[in-house]
Amino acid sequence: MSTETQEHDPLLAHQFEDVEQQTDSYVLGMWVFLVTEVLFFGGMILAFILYRNMYFPAFAEAHQKLDWRLGGVNTIVLLTSSFTMAMAVWASQKRDYGKQLMFLTITVLCALAFLVIKYFEYSAKFEHHLVPGTNFHFDGQNQNGVQLFFGLYFALTGLHGFHVLVGVLVIGVLMFRVWKLRKQEQDYVPTELVGLYWHFVDIVWIFLYPMLYLLGGVHI
Amino acid sequence: MSAVAEPKTEKNYLNVDYSIKSWLTTLDHKRIGILYLVAITIFFMVGGFMALLIRTELATPQGDLLSSDQYNRAFTMHGVVLIFFFLLPSTPAVLGNFLLPIMIGARDVAFPKLNLASWYAFMIGGTLGVISLVLGGIDTGWTFYAPYSSNFSNTPVVWAIAGAFVAGFGNIATAVNFIVTIHKMRAPGLTWFRLPLFVWAQYATAVIGVLGTPVIAITIFLVAFERLTGMGIFDPARGGDPILMQHLFWFYSHPAVYIMILPAMGVTSEMIAAASQKRVFGYEFVAFSSLAIAIIGFLVWGHHLFVSGQSVFAGLVFSVLTFIVAIPSAIKTFNWVATMYKGNLQMNTPMFWAVAFLGLFLIGGLTGLFLSSLATDIHLHDTYFVVAHFHYIMVGGAIIGFIGGLHFWWPKITGRMYPESWGKAGAIMVFTGFSLTFLPQFVLGQLGMPRRYHTYPEEFQILHVLSTGGAYLLGFAMTTIIVYLAWSAKYGKPAPPNPWKAKGLEWETPSPPPTENFTYKVVVTEPAYNYHKDSGGHH
Ligand SMILES: [Cu+2]
């Protein structure tokens, strides 16, 4: 294999022999990273399921304090962003960088919309003293269980929101890169990797939304 | 390839650039390995100092050196520093980083920038840990059990948790890097069953790191969340369940024992093969036993909860599974002994360390079976028997494997030989000091001495004094080793490419290796440990 000439390929990092090896490595690396993310959220989801069984009436009562309409709107917003992200990957493979930038812009706007809606939801919880801690107040017998519900609600959605925020930053960097190099041929792999991450963030929400907002009183 | 290699004149990864900046911004896996080595050596000395503090206090039955509160902080910081900031990264991040790409004939790991980022994550985590120490140290025990760590501690717990959390991401990144590197970067001809067993062990370790570390991260995140917000996820007074914390913690922390011991087992396979000049007996079994440990190791965590109110049925299941996970370790041990049998034994320093590992790991493993039996565990739980058992695994196994590996590959890493007689003396002193420290603790535990107390009845003193004496010998031995290794890195005899006449790609490149690891294109045409053929003439 003529390593000498390939060293000069600007798209090929020095540790790889050829582009195929490089692409395979990046994609596998992303999947392994997503496995760690599954376990990261998994530990907390396990805690939620356990406490939901321990304090079923409290969790059923608490979930009514969440606005399923706002959560639903956010679900639609994220699903839309997943679609535009998939389109951006497609445009990148077609080397249509104008289209790619457009789809990435819509994706970022959706992500920001999600965060804004989440902000309104959070501030409503603050006003109603449903944030765990010294200001927490809830009338009735199920105080402890309700506080646990909201503790896990904030931990889970906060962590997910943090992932959305990271996604905004990463997509922003990607857009800048695509725009800067728009005149030349680009590797589609970075877009594909960001896409994988973004779909993962959406899928986490697809689990969180029914778990937190919808299933409150349903025995499973 | 074993042509004349003169480290002085040839360009290698060490003499290519001497500036501090070139080290702190390096993307070379070998240099990153050295960065880790320097960092963890400092943490090793901090944690070792704590150990001597603990043992000095325990030389007398009264609490005369430390108050009970200070004692709690000393043993907690001893555990936190040595587990999170020394043992977890030790063999993978130092020897793995240095050797893995060379052993598979690659120029570097798959993601060199991520590799450097891992080291910085580790350093930030370590700094946060040091801050918690400077602020007085924490008193929760290294396990961060709630409610010790949540409602009942006035110490800087969140700093230590943040440290372990951030350092954990360094470990995850290293694991991701290794998995991809082993899958995608192997040289042509290097099939999975031609890989050195060290690589198999690193692979199994990385799988555990990827599956386990995120769970401990989220667990201690929740503990910190509980402390900061005042909600009671693990606090029974506010509806939480402290046993859930223990389940989540050990779901990671039992497999974490294998993160520490598996790489040391990989080192041992390499040292024994080279010192016996023989292919490792039952290569496939040793390779698969690493994967078996990685998988079954995730199913045994409940043996830490036998007396925590876990149901008897769950206890039975976890007990049986724990016995089962001992089998792959036993397979390895038998195969190592069989490798030595009728081998052309070289009684060199690496062999001394390998034999020390075998003996101590055997005792550590067998005493684990006492603890996995439900009835005996009720008597032995939280006694010095447990303390002795896990130190046999973590020090007798993991640390001795790591130091042995450092000796074995030191000529490759530094291009210098250490004084052979000091190497052997170091191994003998560590073995003796270690045994003197921890053998008496099995007896203490069996007699009923609980762990984590700084005072004890008079009749235990003789055993405690023996243990303290051993600890001082061990401390002296470790200091000696650090001194002569550091000395030899500068003043030792120049090392040939293959001082042990060992097989493996790392022995075919100069000592120390060039930045790109090989000056030629690596193609592998023979199985691992191909000792019976004539040496020379491969690739
Ligand atoms: Cu265990």
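Laboratory data are not the source of any read-out in this text; all were calculated from the coordinates shown. The structure presented is a predicted model; accordingly, all values stated were derived computationally and were not measured. Note that each Cβ is placed from the backbone with ideal geometry, even for glycine, and that neighbours are counted across all protein chains shown.
Summary of computed values
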{"read-out": "Pairwise FRET efficiency - B:I124 versus B:A330, Cβ, R0 = 30 Å, nearest 0.05", "value": "0.15"}
{"read-out": "Kirkwood hydrodynamic radius of chain A, Cα pairs, Å", "value": "19.5 Å"}
{"read-out": "Per-pair calculated FRET efficiency, R0 = 41 Å: B:L291 and A:I203 via Cβ, rounded to 0.05", "value": "0.90"}
{"read-out": "Shielding by other protein chains, B:175-188, mean Cβ within 10 Å", "value": "4"}
{"read-out": "Structure-based [θ]222 nm, chain B - -39500 (n - 2.57) summed over DSSP H runs of at least 4, per residue, nearest 500", "value": "-21000 deg cm²/dmol"}
{"read-out": "Furthest towards positive pole of dipole, B:V46, B:L380, B:Y13, structure part chain B, Cβ charges", "value": "B:Y13"}
{"read-out": "Cα gyration tensor shape for the protein assembly as shown, rounded if a/c is under 1.5, else prolate or oblate", "value": "oblate"}
{"read-out": "Span per principal axis, largest first, for the Cα atoms of region B:324-392 (Å)", "value": "46, 24, 12"}
{"read-out": "Where labels lie 7 Å past Cα in the beta-carbon direction, separation of B:K493 and A:T134 in nm", "value": "7.0 nm"}
{"read-out": "Partners for B:K278 among aspartates and glutamates (Cα-Cα distance below 12 Å; same-chain residues under 8 apart left out)", "value": "B:E270"}
{"read-out": "Sparse-neighbourhood loop sites, chymotrypsin sites (Phe, Trp or Tyr not before Pro) in region B:103-168 - DSSP loop, at most 16 other Cβ within 10 angstrom", "value": "B:F152"}
{"read-out": "For region B:507-533 versus region B:255-272, the gap between their alpha-carbon centres in whole angstrom", "value": "22 Å"}
{"read-out": "Farthest toward positive dipole pole in chain B [+1 Lys/Arg, -1 Asp/Glu at C-beta], among B:H254, B:S90, B:L369", "value": "B:S90"}
{"read-out": "Protection proxy ranking, peptides A:101-111, B:301-311, average beta carbon neighbours within 10 Å, highest first", "value": "A:101-111, B:301-311"}
{"read-out": "Eligible lysines near A:K65 by straight Cα distance, threshold 28 Å, same-chain separation 8 or greater", "value": "A:K118, A:K125"}
{"read-out": "Overall dimensions of chain B as given by Cα atoms, namely Rg and Dmax in Å", "value": "22.8, 72"}
{"read-out": "Lysines with Cα under 25 Å of B:K113, excluding same-chain neighbours fewer than 8 positions away", "value": "A:K180, B:K11, B:K21, B:K30, B:K184, B:K412, B:K521"}
{"read-out": "Span from the region A:185-208 Cα centroid across to the region B:278-298 one, whole angstrom", "value": "36 Å"}
{"read-out": "Net dipole in debye of region A:17-214 [+1 Lys, Arg Cβ; -1 Asp, Glu Cβ; about Cα centre; nearest 20]", "value": "520 debye"}
{"read-out": "Net dipole in debye of the protein assembly as shown [+1 Lys, Arg Cβ; -1 Asp, Glu Cβ; about Cα centre; nearest 20]", "value": "1020 debye"}
{"read-out": "Between 0 and 90°, nearest 10: helix A:189-209 axis offset from chain A longest Cα axis", "value": "10 degrees"}
{"read-out": "With 5 Å bins from 0: P(r) over region A:94-220, alpha-carbon pairs, percent", "value": "2, 9, 16, 18, 14, 11, 9, 7, 6, 4, 3, 1, 0, 0"}
{"read-out": "Residue mean of other protein chain beta carbons inside 10 Å, A:123-132", "value": "1"}
{"read-out": "Residue order, fewest to most surrounding Cβ atoms within 10 angstrom, among B:T268, B:T376, B:T322", "value": "B:T376, B:T322, B:T268"}
{"read-out": "Kyte-Doolittle mean at least -1.0 and Cα axial length at least 24 Å: DSSP H helices in chain B", "value": "B:29-57, B:112-134, B:157-184, B:197-229, B:242-276, B:312-340, B:349-372, B:420-447, B:461-491"}
{"read-out": "Ranked list, fewest to most other Cβ atoms within 10 Å of each Cβ, for B:R194, A:R52", "value": "B:R194, A:R52"}
{"read-out": "Distance between region B:62-141 and region B:157-218 - C-alpha centres, whole angstrom", "value": "15 Å"}
